[in-house]
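Undergrad: Before anything else, here's the structure in question.
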Amino acid sequence: MSYSADDLAELKSNYARGVAEISRGDERVKFRSLSEMKQIISEVESSLSGKKTTGVHYPTFDKGF
């Protein structure tokens, strides 16, 4: 899905106010939590920046010397 800067601004504004439900015309979106909303904001930001995040973390080990 493609997002616009206006979509991101609206999400951030509602997140800052603690609003977890957004209505736009006939469409209504209700987030389960503000943490879910924060995750969506991160996804929209990465989509707009063109960077892809994989979410893969590689473990590191240290012998403690």
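Undergrad: What number of residues within segment 29-43 are outside any helix (DSSP H, G or I) and either of a type in the set (D, E) or under 19 Å from A9 (Cβ atoms) (or both)?
TA: Filtering segment 29-43 down to residues outside any helix (DSSP H, G or I) leaves 29-33.
Imposing the further condition that a residue be either of a type in the set (D, E) or under 19 Å from A9 (Cβ atoms) (or both) reduces the set to 29, 31.
Residues that pass the stated criteria total 2.
Undergrad: Also, quick follow-up: If Y3 satisfies all but one of (1) under 14 Å from the mean Cα position of the chain (by Cα); (2) at pLDDT 85 or above; (3) not aliphatic (A, V, I, L, M), what's the number of the condition it fails?
TA: Failed condition: (2).
Undergrad: Still on this structure, I have one more. Got a number for residues in segment 1-28 being among the hydrophobic types (A, V, I, L, M, F, W, C), assigned to a loop (DSSP other than H, G, I, E, B) and surrounded by 10 or more Cβ atoms within 10 Å (Cβ to Cβ)?
TA: Residues that pass the stated criteria total 2.
The values are calculated or read from the model by the stated rules, or taken from the named source; none is laboratory data. The model shown is predicted, which means the values in this text are computed figures rather than measured ones. Counting neighbours? That spans all protein chains shown, and the Cβs are built from the backbone with ideal geometry, glycine included.
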